[in-house]
Amino acid sequence: MARIRCDFFSEALGMGTSMTVLLPDRGAAGIGMAGAAGDGDPPVLYLLHGLTDDDTAWTRRSSIERYVAPLGLAVVMPQVQRSFYRDEEHGNRYWTFLSEELPEVCRSFFRLSTRREDTFVAGLSMGGYGAVKWALRHPDRFAAAASLSGALDVARRRDHPSSPVDPAVWHTVWGDRPPPDEDDTVALLERAGDDLPALYVACGTEDFLYEDSVRFVDTARRLGRPLAVDFGPGDHDWAYWDAQIAAVLAWLPLRR
């Protein structure tokens with residue numbers, strides 16, 4: 001894989017920002033690694049970070065590069081600070097950056113497929129929430145979306161006694177109001193159309209966000225929405241996410 005730390009100016013944010021990108025290699029990629037770049041533009045996974053991370057976290061704390069090397073899959077990891085992937089009430093326009101500007105910037109810098117069936121999104125914790133929100137608000141763009149330990153119930157999470165989020169973060173992101181329906185993944189799921197991306201929800205049963213994922217899954221099942229679910233032992237940590245991202249990659253509907 002080629003790994004690129006890309007620093008660029010964002011019009012949506014009005015400032016410089018960064019993303020880390022993995023691009024497929026052709027043929028052999030070194031001892032113990034395989035390359036699998038195809039002839040066309042590669043499929044792409046947008047992989048989103050959590051609240052205390054940045055765009056480098058996935059490459060520093062998981063084996064994502066080794067896992068995607070034989071798949072011919074590009075991975076785009078943007079940086080969004082502590083924004084919950086939202087146009088912040090008292091901050092910057094990170095939702096606009098993610099959902100509108102980032103895909104166009106990536107396609108202008110790199111050869112990436114623009115086909116829905118070649119486009120995927122996943123993330124952990126805050127990023128799991130961002131991935132599902134992006135897929136539910138723009139279902140025409142994604143073939144699949146995955147949440148690992150996602151904050152999938154932000155409408156109730158704000159005042160939850162187990163929430164580790166500083167109240168100042170909530171104020172910056174949402175002000176003094178509860179999250180609106182456009183930021184509530186449960187509400188988005190309830191009003192979604194039929195042509196949804198494939199959905200994958202995983203969370204460890206010892207995770208403080210476990211009940212958020214359970215409520216989302218229960219809502220999906222009540223509505224008859226198909227989704228893959230992996231609930232089992234695990235905490236809110238990189239040992240769990242490293243194992244789960246490998247499972248997500250095996251689940252993705254890649255054109256092998």
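Residues in the stretch 94-148 that are of a type in the set (S, T, N, Q) and in contact with a Gly (Cβ under 6 Å, 6 or more places away or on another chain) were compared, and the one that is nearest to residue 228 (Cα to Cα) is 147.
What are the residues in the stretch 16-26 that are of a type outside the set (D, E, K, R) and either in contact (Cβ under 8 Å) with a residue 24 or more places away in the chain or not in a strand (DSSP E or B) (or both), if any? Outline the logic, then answer.
First pass over the stretch 16-26, keeping only residues of a type outside the set (D, E, K, R): 16-24.
Result: 17, 18, 19, 20, 21, 22, 23, 24.
Among the residues of the stretch 57-70, the ones that are buried (at least 20 other Cβ atoms within 10 Å of the Cβ) and in contact with a strand residue (DSSP E or B) (Cβ under 7 Å, 6 or more places away or on another chain) come to 4 in all.
Residues are listed down the side, and each one gets a yes or a no for (1) hydrophobic (A, V, I, L, M, F, W, C); (2) in contact with a helix residue (DSSP H, G or I) (Cβ under 6 Å, 6 or more places away or on another chain); (3) more than 23 Å from residue 248 (Cβ to Cβ); (4) surrounded by 13 or more Cβ atoms within 10 Å (Cβ to Cβ):
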| position | (1), (2), (3), (4) |
| --- | --- |
| 26 | no, no, yes, no |
| 32 | no, no, no, no |
| 36 | yes, yes, no, yes |
| 39 | no, no, yes, no |
| 45 | yes, no, no, yes |
| 55 | no, no, no, yes |
| 72 | no, no, no, yes |
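Quick one: in the stretch 221-248, which of the residues that are among the aliphatic types (A, V, I, L, M) and not in a helix (DSSP H, G or I) is surrounded by the fewest Cβ atoms within 10 Å (Cβ to Cβ)? Break it down into steps so the answer makes sense when it comes.
Of all residues in the stretch 221-248, those among the aliphatic types (A, V, I, L, M) come to 223, 227-229, 239, 243, 245-248.
Checking the rest, the ones that are also not in a helix (DSSP H, G or I) come to 223, 227-229.
Details: 223: 11, 227: 18, 228: 14, 229: 15.
Result: 223.
Considering only residues that are within 18 Å of residue 7 (Cβ to Cβ) and under 14 Å from the mean Cα position of the chain (by Cα), which ones fall in the stretch 60-80? Within the stretch 60-80, 75, 76, 77, 78, 79, 80 meet the criteria. Taking the listed residues 243, 202, 239, 250, the one that is touching a residue at least 24 places away in the same chain (Cβ under 8 Å) and out of contact with any Pro (no Cβ under 6 Å at 6 or more places or on another chain) is 202, with no other qualifying.
Just a yes or no: is a residue in the stretch 118-131 under 30 Å from residue 191 (Cβ atoms) and of a type in the set (Asp, Glu)? Don't jump to the end; show me each part of the working.
From the stretch 118-131, those under 30 Å from residue 191 (Cβ atoms) are 118-131; that's our starting set.
So of that shortlist, the ones also of a type in the set (Asp, Glu) come out as 118.
Checked the stretch 118-131: at least one residue is under 30 Å from residue 191 (Cβ atoms) and of a type in the set (Asp, Glu).
Hey, does the stretch 99-106 have a residue that's under 26 Å from residue 34 (Cβ atoms) and either more than 14 Å from the chain's Cα centre (by Cα) or β-branched (Val, Ile, Thr) (or both)? Checked against the condition, which is being under 26 Å from residue 34 (Cβ atoms) and either more than 14 Å from the chain's Cα centre (by Cα) or β-branched (Val, Ile, Thr) (or both), the stretch 99-106 yields at least one hit.
When you look at residue 12, is it aliphatic (A, V, I, L, M), assigned to a loop (DSSP other than H, G, I, E, B) and surrounded by fewer than 19 Cβ atoms within 10 Å (Cβ to Cβ), yes or no? Criteria not met by residue 12. The set of residues from the stretch 113-138 being over 13 Å from the mean Cα position of the chain (by Cα) and crowded, with 19+ Cβ neighbours inside 10 Å comprises just one member, 118.
We did not get these values from a lab; they are worked out from the coordinates using the rules stated. All of these numbers come straight from a predicted model, not from anything done at the bench. For neighbour counting, all protein chains shown are included, and Cβ atoms are generated from backbone atoms with ideal geometry for every residue, glycine included.
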